[in-house]
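Structure first, commentary second.
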Amino acid sequence: MKYYSTRGYDINQSFSDILLEGLAPDGGLYMPKFYPDIKHKLLEWKDLEYAELSYQILKLFCDNADIPHADLKDICYKTYTKDIYKYVRDGENAGEITPLTILKDDVCLLALSNGPTLAFKDMAMQLLGNLFDYVLERKGRKLNILGATSGDTGSAAEYAMRGKKNINIFMLSPHNKMSAFQQAQMFSLTDENIFNIAIEGFFDNCQDIVKVVSNDLEFKQKYNIGTVNSINWARIAAQIVYYIKGYFNSIRAFKLELGDVIDFCVPSGNFGNICAGHIAKQMGLPVNKLIAASNENNVLDIVFNTGVYKSRTVQQTCQTSSPSMDISKASNFERFVFDYNKQNAEKTKQQFEQFSKTDIINFNDSHSNCLDEFKKFGFFAASSTHAHRLDIIRDIYARHNIIIDPHTADGIKVARQYKQKNIPMVVLETAQPDKFEQTIKESINTLPNRHNDFVGIEKLDKRVKLLNNNADEVKEFIMQNHNSK
């Protein structure tokens, strides 16, 4: 398997090459040159444990000559263990990495947040940390990871990379725009290779700085800059696994036949999580609908219902009670547009270069039936509000005695709009409610039971550097603290 950019850069790079590189030199996102067909594998895979399923899928994207498959298998088995994904809640199957909970005649939840930071980002990030460690050791290299987070990516990345000798990680987050729990998870880490940087602004300012630095090829090469954001293909590849596992869990739970379709509803801001579902569908997973659930920052809702992709300004970006989706433009949307354009890199390049100037792509200009085309890919979308989140959290608690986080509440609200009889609707759970106690308290007037490891985390000392919304300041900080060759 070789990789090329959505904007045309193509030198036949391997999985391990793009693992360390992140963004392509032309500003595009890396994609595999073809999607493996897995339809003939489903019967063989349907009863596999998560670690083995992960290995079987990832080896399709990684040649044996690049990372020996015996080593890749060891990495997958090292990553997906019950000791790492141990924060199982009452009523869940402790033997499952990603247990499925059926909410009676309603939707069902695929739990993805039993990992070290109680967020779905751990599902891919723990694997990414082990892959980085392996490849850097083999190549005798050091890496300085630059990332941006709106809430959960940062802590998941830091917990996956902490203490690794060949990696320093610099994580940007919007100053005072995350929950207290989310901040504490990141800022309380004291590992010498972890550097937290709070930026005056919003998540998109942080994300823009990452792209500016990544597009400075001389700086990127000199300081060995990599990324862990979902622009990194390895994260997308790792997320494909839980769609396939979720499919098997669902057809088993609902007593369906292999090959019957199901729907997925995905709380989505940056389009990374749902992009993995799109790719799983393209590979042959029997998926009917892929439904993007947004909060008040409803960029994805608008594009899939009007054909107009338009980013919000900083002033237009809302600070909400589902903060991990407080995003004004979706970085991974370019991967879908590349497929929508039938892998036409030149067209995709033109659209996103224009988008960088105008903040808008109107798909109606080039295709009068773009909404129909979106639906052919399976995409639907809707959004919710703070009031909806409170109502959904209250309803799920009252009816099922389960406390969900506000992002998952966005997902359930939107899922109910699209639920069809006789087709399972699987909502991808994004985080445990411990991380958003203020909203939970407002909704049901009680707090979720915390796992013992996280009691009092907000009172720990914090280690963070506050910088202006300025890429040069971030570059200077990296130069002062980088992990050299």
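The values are calculated or read from the model by the stated rules, or taken from the named source; none is laboratory data. In this text the structure is predicted, and so the values were computed from the model without any measurement. Virtual Cβ from ideal backbone geometry, glycine too; neighbours counted across all protein chains shown.
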Mind checking which residues of segment 2-52 are surrounded by fewer than 15 Cβ atoms within 10 Å (Cβ to Cβ) and of a type in the set (A, V, I, L, M, F, W, C)? 11, 34, 43
Quick test for you: out of 225, 236, 145, pick the one residue that is in contact with an Asp or Glu (Cβ under 9 Å, 6 or more places away or on another chain), surrounded by 24 or more Cβ atoms within 10 Å (Cβ to Cβ) and closer than 29 Å to residue 33 by Cα. 225
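Of the residues 58, 42, 20, which single one is within 22 Å of residue 339 (Cα to Cα), touching a Leu at 6+ places or on another chain (Cβ under 7 Å) and touching a residue at least 60 places away in the same chain (Cβ under 8 Å)? If you could, list the steps in order and put the result at the bottom.
Numbers: 42 fails: within 22 Å of residue 339 (Cα to Cα); 20 fails: within 22 Å of residue 339 (Cα to Cα).
From the options 58, 42, 20, the qualifying one is 58.
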Exclusive hit being assigned to a helix (DSSP H, G or I) and either free of Cβ contacts under 8 Å to residues at least 40 places away in the same chain or touching a strand residue (DSSP E or B) at 6+ places or on another chain (Cβ under 8 Å) (or both), set 442, 476: 476
Can you find even one residue in segment 172-181 that is hydroxyl-bearing (Ser, Thr, Tyr), in contact (Cβ under 8 Å) with a residue 60 or more places away in the chain and farther than 12 Å from residue 463 by Cβ? yes
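Going by what's in this entry, would residue 335 be described as touching a strand residue (DSSP E or B) at 6+ places or on another chain (Cβ under 7 Å) and buried (at least 17 other Cβ atoms within 10 Å of the Cβ)?
In short, yes.
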Could you tell me how many of the residues in segment 116-125 are buried (at least 24 other Cβ atoms within 10 Å of the Cβ) and either assigned to a helix (DSSP H, G or I) or free of Cβ contacts under 8 Å to residues at least 60 places away in the same chain (or both)? 5
Could you tell me which of the residues 145, 75 is closer than 21 Å to residue 481 by Cβ and among the β-branched types (Val, Ile, Thr)? 145
Please go through segment 312-356 and give me each residue that is of a type in the set (D, E, K, R), at pLDDT 95 or above and part of a loop (DSSP other than H, G, I, E, B), ordered by number. 342
